[in-house]
Amino acid sequence: MANFLGNNVVFQFRISGTTAIWRTLICETSLNGELTNDVSTVITKCGQIKAAGIPGATISGSGTWDSAPTSAQATYAELLDLCNAVTLMEGRMINLVSTSPSVATGAAVLIKGDGYFTRVSPTANASESLTYDWTFEITGAVDTTEAGES
């Protein structure tokens, strides 16, 4: 059994409703995704009733500042602007194609949907690189199917 490395999983985003290129965040150091489904419970005289809610997702991560991003990378300053402007984005946590082991794009992990950057937090400690943490909240339907991802 081959090991699939976390280095092959990235967060990508673009303005919602466009076919613009997917951009990655500059110098990601960590990435976390969470798909949740709230369950409501009502206690009645007939017994306990539970109902599942609508799934929701949050993607968060950390990165380090870099002075020379590529055109396909977003800078920390851009994240601040997108969060501050409350810009609707399409975001996805997705694995890139891998040949060893052979894994298609989005086949190992895909959490995708429209949402907003809801938190962007810099850390500037003496004698250390500028780092940042961020959170992306999906506000609509969550897509977890790799069909058509590229």
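I need a count of the residues in segment 76-102 that are at pLDDT 85 or above and of a type in the set (Val, Ile, Thr).
3
In segment 18-70, what residues are in a loop (DSSP other than H, G, I, E, B), of a type in the set (Ser, Thr, Tyr) and farther than 25 Å from Leu5 by Cα?
Correct list: Thr18, Thr19, Ser67.
Could you check segment 85-103 and list, in sequence order, the residues that are within 15 Å of Arg14 (Cα to Cα) and among the polar types (S, T, N, Q)?
Selection gives Thr87 alone.
Considering only segment 79-126, state which residues are in a helix (DSSP H, G or I) and surrounded by fewer than 17 Cβ atoms within 10 Å (Cβ to Cβ).
The answer is Leu80, Asp81, Asn84.
Please count how many residues of segment 24-50 are surrounded by fewer than 10 Cβ atoms within 10 Å (Cβ to Cβ), within 28 Å of Gly115 (Cα to Cα) and among the hydroxyl-bearing types (Ser, Thr, Tyr).
2
The values are calculated or read from the model by the stated rules, or taken from the named source; none is laboratory data. Nothing here was measured: the structure is a model prediction, and the numbers come from that model. All Cβ positions, glycine included, derive from the backbone under ideal geometry; neighbour counts span all protein chains shown.
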